[in-house]
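Have a look at the structure below, then the notes.
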Amino acid sequence: MQQSFFFQAMIYLAAAVVMVPIAKRLGLGSVLGYLVAGVIIGPAGLKFIGMEGQDIMHFAEFGVVMMLFVIGLELEPSRLWRMRKNIAGLGGLQVGVTTLLVAGIAMLLDVGWKEALALGMIIAMSSTAIVMQTLNEKGWLKTIAGQSSFAVLLFQDLAIIPMLALFPLLADHTGVADGHGAGGSLVSALPAWQQTIVVLLSVSAIVLTGKYLLRPVFRMMARTGLREMFTATALLLVVGIAVLMTSVGLSPALGAFVAGVVLANSEYRHELESSIDPFKGLLLGLFFISVGSSIDFSLVTSKPLLIIGLVAGLMLLKMAILFVLGKIFQVRNAQNFIFSIGLSQIGEFAFVLLSFSVQQGVLGKEVSDTMTAVVAISMAMTPLAMMVNEKFILTRFCLVSAGLQTAQRPSDVEEEDNPVIIAGYGHFGNIVGRFLRANGVEATVLDNDSDNVDFLRRIGLKVYYGDATRYELLDIAGAGRAQMIIIAISDEEKRLELIETVKKHFPHLHMLVRSTNRNDAYDLMNAGMMHIYRETFDTSLRLGVDALKLLGHRAHEATRMAKTFFVHDERTLKHLSRIRNDEEYIHAAREHMEELEMIMQADREAVHLNALAGWDRKAETETA
Amino acid sequence: MSKVLIQFAHPTHSKSNVQKTLEKYARKVKGVTFNDLYEHYPDLFIDVKREQELLAKHDIVIFQHPFYWYSSPPILKQWQDLVLEYNWAYGPKGHALKGKKIFNAVSCGGGRDAYSASGYNRFPVGQYLLPFDQTAHLCRMDYLPPFVVHETYTIEDYTLKACGEQYAELLDALVNDRIDPAKLAGIEYLNELFPH
């Protein structure tokens with residue numbers, strides 16, 4: 001089929017634009033939407049794209065690189081260090097055990113040991129793209145399951161490197177030219193020790209550049225005031241790392257991750273993230289579409305039992321291994337289900353390893369084709385499996401493990417007539433809930449951290465597991481009869497989503513909303529919220545009062561100052577939120593500085609004068 | 001020996017002149033407990049139990065405060081409303097304060113002349129303090145005449161110093177039971193017992 005670039009772009013974009021919202025609407029998540037879009041436009045469907053889907057997939061894998069960069073940005077080095085046990089232990093065991101078990105089974109089925117070992121390694125991989133995207137969408141990244149999944153995925157990324165080095169050794173014949181896959185590189189001609197030195201040098205180059213060179217560069221770019229220059233710099237950074245890493249034979253994703261971690265403490269972190277994010281999202285989408293389109297349905301229809309059997313068998317095997325490891329590493333109950341089901345697919349690295357192993361002559365063409373179909377289908381099954389898990393296993397699990405076998409209905413409509421619904425019961429929501437409870441006000445609590453729900457249920461609180469942004473859950477929780485909803489979720493986007501849901505379906509509810517900071521408060525104001533509570537504002541002021549007291553100020557006067565400051569700041573916030581709308585084009589970093597300056601100037605003018613006026617200012621008459 | 005408790009109320013202490021001086025002298029007198037209400041309860045959330053225990057331990061209570069709008073700053077009203085509980089301070093079983101002495105030590109912007117039938121404040125200070133007087137009466141306490149510093153906005157340093165010394169003398173006499181009840185009958189201000 002002769003197609004121009006624009007025609008192709010149109011097909012891909014149209015497929016995504018049509019399918020993703022439908023999938024979201026049906027509660028299936030965006031990943032499945034992209035995959036289905038791929039199937040529809042692919043050779044098995046409307047035939048808009050043929051086998052070039054494979055090439056596009058290689059291009060789109062760059063989305064995974066960007067994703068790891070963004071993940072790195074959100075992960076400070078200290079947190080990474082704290083996760084070391086999980087990464088090495090959980091991740092190492094998952095890769096090791098899965099590889100060996102799969103290889104063992106393959107050998108029992110009369111596959112040569114070299115081939116079996118290669119298959120084992122390929123199958124041990126999970127899909128960073130699908131898992132992270134899904135966890136993120138559900139707001140689970142910070143749960144134990146999310147953290148454990150991430151640890152395993154990170155180890156797998158690391159494991160790619162030795163695997164690529166190992167594959168040529170597994171080949172039956174020697175003298176094959178380097179492949180052009182992720183393994184082919186400028187340095188592969190060098191002896192091993194020199195390769196090692198080059199690799200170490202490149203990683204330290206990334207770390208040093210990130211630490212010392214990038215900050216001034218970004219500052220310069222920010223000063224130009226041209227948003228696109230910042231975006232270009234950010235892209236250049238990620239692409240540059242990918243090129244460097246590929247040329248020394250390392251995984252580009254890993255390099256990007258390291259660079260992200262190095263920049264995690266920098267002031268440009270959010271700016272970088274928001275620059276890369278749309279590219280990342282689109283490329284990942286493209287990647288999923290090409291996975292969908294690459295499923296070879298003719299192969300599936302010719303050997304349906306073999307393919308289905310392989311998909312089911314391998315996923316169950318991986319799941320079982322993960323579940324046992326999860327138990328050993330104390331990922332409890334429901335979290336363990338999220339963890340083991342989430343990682344049960346075979347990931348995108350398998351495609352790389354498969355094509356590489358064919359080049360190296362480790363695997364035959366037929367095996368590789370079958371496996372490609374198995375991998376793609378297993379990836380497509382993941383969102384479905386997670387949905388089934390969430391809808392049926394998790395809800396039941398949370399109730400059962402709380403010792404409520406008799407009350408297995410997820411909703412108890414009669415009882416849920418509480419006037420208050422609290423969405424999110426972390427450290428913020430839990431204080432609100434305790435306070436209300438102490439005053440005899442019962443609240444229905446929704447939380448999407450199943451571990452937390454499990455614990456709260458065990459201590460006798462009526463807590464519902466689930467994503468509060470979903471209409472059905474709100475309905476079950478009695479939103480139709482409640483008076484107010486307290487939105488105490490920590491995730492900013494989830495909060496906005498929930499607000500939209502409430503506005504649409506339960507307009508009678510008062511919404512009291514937690515906000516992270518000023519910027520977030522602006523967004524909430526623009527969403528029409530009246531009751532906004534900045535989570536650190538009151539506490540910071542309280543600390544300020546105590547600081548003044550220790551400096552010898554009078555307690556009552558400092559308290560009044562704080563109150564005045566509070567009122568004043570809330571007013572400034574409202575004022576600036578209006579201005580901000582007109583000036584959204586201003587570069588965010590500069591905007592932030594200008595704003596801070598404005599705030600501080602307003603503080604100087606207003607606060608001090610107001611706080612103590614009145615008391616004994618108008619002397620004679622008032623105080624007689 | 002009597003124990004004296006000063007219940008001090010000043011919301012803008014840092015801007016005060018007269019009250020700060022009185023405080024300075026009062027804090028030096030042995031046997032006097034100085035309870036700074038706004039400092040203890042900056043948001044007017046009063047610890048009732050602590051306050052009642054303080055009252056129980058002392059024999060003489062002084063409300064020391066600037067004379068805001070012919071009365072005390074708001075925390076003293078809050079204090080009375082919360083601390084003087086039924087059947088503790090008053091009522092059939094309320095004998096906790098019985099026989100204790102109490103009076104106000106105030107600073108007024110206006111001069112003594114202003115607080116007279118012909119002055120712009122029309123009534124004497126004592127009349128404005130009637131609610132305190134009656135509260136004390138209901139709590140079975142002895143209400144004494146007030147200690148007053150006038151013209152706080154124009155007061156000269158040496159006059160203020162004299163007032164401080166006078167206040168200290170009064171407190172010392174109260175602690176050591178040197179006040180003759182008979183002498184209280186004819187006076188308007190306690191200041192008159194210690195002429196300078």
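Look at the stretch A:458-480: where a residue is hydroxyl-bearing (S, T, Y) and a partner is assigned to a loop (DSSP other than H, G, I, E, B), sitting 6+ places away or on another chain with Cβ atoms under 8 Å, you get A:Y464/A:P410; A:Y464/A:A477; A:Y465/A:N448.
I'd like to check something: does the stretch B:123-134 contain any residue that is among the hydrophobic types (A, V, I, L, M, F, W, C), touching a strand residue (DSSP E or B) at 6+ places or on another chain (Cβ under 6 Å) and assigned to a loop (DSSP other than H, G, I, E, B)? The answer is yes; a qualifying residue exists. B:K100 satisfies every condition listed in (1) among the charged types (D, E, K, R); (2) within 12 Å of chain A (Cβ to nearest Cβ); (3) within 24 Å of B:N176 (Cα to Cα) except (2).
Among the candidates B:G109, B:G91, single out the residue that is among the small types (G, A, S), loosely packed, with under 15 Cβ neighbours inside 10 Å and either out of contact with any Pro (no Cβ under 9 Å at 6 or more places or on another chain) or within 14 Å of another protein chain (Cβ to nearest Cβ) (or both).
Working: B:G109 fails: loosely packed, with under 15 Cβ neighbours inside 10 Å.
Exactly one of B:G109, B:G91 is among the small types (G, A, S), loosely packed, with under 15 Cβ neighbours inside 10 Å and either out of contact with any Pro (no Cβ under 9 Å at 6 or more places or on another chain) or within 14 Å of another protein chain (Cβ to nearest Cβ) (or both), namely B:G91.
Just so you know, in the stretch B:148-170 the residues that are in contact with a Lys or Arg (Cβ under 9 Å, 6 or more places away or on another chain) and either buried (at least 21 other Cβ atoms within 10 Å of the Cβ) or modelled with pLDDT of 95 or more (or both) include one that is nearest to B:G31 (Cα to Cα), and it is B:A168. Identify, please: which residue in the stretch B:122-147 is within 14 Å of chain A (Cβ to nearest Cβ) and surrounded by fewer than 22 Cβ atoms within 10 Å (Cβ to Cβ) and is, among those, farthest from B:F8 (Cα to Cα)? Taking the candidates together, the pick is B:R122. May I ask you to verify whether A:V95 is farther than 19 Å from A:F337 by Cβ, among the hydrophobic types (A, V, I, L, M, F, W, C) and not in a helix (DSSP H, G or I)? So A:V95 fails the test. Scanning the stretch B:1-16 for residues that are surrounded by fewer than 22 Cβ atoms within 10 Å (Cβ to Cβ) and within 11 Å of chain A (Cβ to nearest Cβ) gives B:T12, B:H13, B:S14, B:K15, B:S16.
Do we have any residue at all in the stretch A:267-282 that's more than 30 Å from A:G33 (Cβ to Cβ), at pLDDT below 85 and of a type in the set (K, R)? Give the derivation first.
Of the stretch A:267-282, the ones more than 30 Å from A:G33 (Cβ to Cβ) are A:267-268.
When the remaining residues are screened for being at pLDDT below 85, the result is A:267-268.
Applying the additional criterion that residues be of a type in the set (K, R) yields none.
No, the stretch A:267-282 contains no residue that is more than 30 Å from A:G33 (Cβ to Cβ), at pLDDT below 85 and of a type in the set (K, R).
Among the residues of the stretch A:103-134, those identified as in a loop (DSSP other than H, G, I, E, B) and touching a residue at least 24 places away in the same chain (Cβ under 8 Å) are A:M125, A:S126, A:S127.
If only residues of the stretch A:135-146 that are in contact with a helix residue (DSSP H, G or I) (Cβ under 7 Å, 6 or more places away or on another chain) and not in a loop (DSSP other than H, G, I, E, B) are counted, the one that is surrounded by the fewest Cβ atoms within 10 Å (Cβ to Cβ) is A:E137.
Would you confirm whether or not the stretch B:153-170 contains a residue that is within 14 Å of another protein chain (Cβ to nearest Cβ), under 14 Å from B:F63 (Cβ atoms) and either of a type outside the set (K, R) or touching a residue at least 24 places away in the same chain (Cβ under 8 Å) (or both)? Give the steps one after another, and end with the answer.
Quick first cut of the stretch B:153-170, residues within 14 Å of another protein chain (Cβ to nearest Cβ) only: B:153-155.
With under 14 Å from B:F63 (Cβ atoms) added as a condition, the list becomes none.
Checked the stretch B:153-170: no residue is within 14 Å of another protein chain (Cβ to nearest Cβ), under 14 Å from B:F63 (Cβ atoms) and either of a type outside the set (K, R) or touching a residue at least 24 places away in the same chain (Cβ under 8 Å) (or both).
Name the single residue, out of those in the stretch B:45-67 being surrounded by fewer than 22 Cβ atoms within 10 Å (Cβ to Cβ) and touching an Asp or Glu at 6+ places or on another chain (Cβ under 8 Å), that is modelled with the lowest pLDDT. The qualifying residue modelled with the lowest pLDDT is B:V48.
When you look at B:A185, is it of a type in the set (G, A, S) and surrounded by 15 or more Cβ atoms within 10 Å (Cβ to Cβ), yes or no? For B:A185, the condition - of a type in the set (G, A, S) and surrounded by 15 or more Cβ atoms within 10 Å (Cβ to Cβ) - is not met.
Taken together, the residues in the stretch A:201-238 that are more than 13 Å from A:S275 (Cα to Cα) and of a type in the set (F, W, Y) amount to 1. Of A:L235, A:L244, A:L250, all but one fail to be part of a loop (DSSP other than H, G, I, E, B) and surrounded by 13 or more Cβ atoms within 10 Å (Cβ to Cβ); the exception is A:L250.
Does A:I49 meet the test of being part of a loop (DSSP other than H, G, I, E, B) and surrounded by 23 or more Cβ atoms within 10 Å (Cβ to Cβ)? It is true that A:I49 is part of a loop (DSSP other than H, G, I, E, B) and surrounded by 23 or more Cβ atoms within 10 Å (Cβ to Cβ).
Take the residues of the stretch B:17-38 that are within 14 Å of chain A (Cβ to nearest Cβ) and buried (at least 16 other Cβ atoms within 10 Å of the Cβ): which is nearest to B:T159 (Cα to Cα)? Among those that are within 14 Å of chain A (Cβ to nearest Cβ) and buried (at least 16 other Cβ atoms within 10 Å of the Cβ), it is B:V18.
For the stretch A:424-443, the set of residues classified as surrounded by 15 or more Cβ atoms within 10 Å (Cβ to Cβ) and of a type in the set (A, V, I, L, M, F, W, C) consists of A:F428, A:V432, A:L436, A:A443, listed by residue number. Residues of the stretch A:524-553 that are in a helix (DSSP H, G or I), of a type in the set (K, R) and within 21 Å of A:G429 (Cα to Cα): A:R542 alone.
Of the residues A:Y522, A:Y465, A:Y471, which single one is modelled with pLDDT under 85 and in contact with a Cys (Cβ under 6 Å, 6 or more places away or on another chain)?
On the way: A:Y522 fails: in contact with a Cys (Cβ under 6 Å, 6 or more places away or on another chain); A:Y471 fails: in contact with a Cys (Cβ under 6 Å, 6 or more places away or on another chain).
Going through A:Y522, A:Y465, A:Y471 in turn, just one is modelled with pLDDT under 85 and in contact with a Cys (Cβ under 6 Å, 6 or more places away or on another chain): A:Y465.
On the given criteria, is B:Q80 over 14 Å from the mean Cα position of the chain (by Cα), more than 23 Å from A:M561 (Cα to Cα), more than 10 Å from chain A (Cβ to nearest Cβ) and in contact (Cβ under 8 Å) with a residue 40 or more places away in the chain? Here the answer is no, as B:Q80 does not meet what is asked.
The values are calculated or read from the model by the stated rules, or taken from the named source; none is laboratory data. Note that the coordinates shown come from a computational prediction; the quantities given were computed from them, not determined experimentally. A quick note on method: Cβ atoms are made from the backbone with ideal geometry, for glycine too, and the neighbour counts reach across all protein chains shown.
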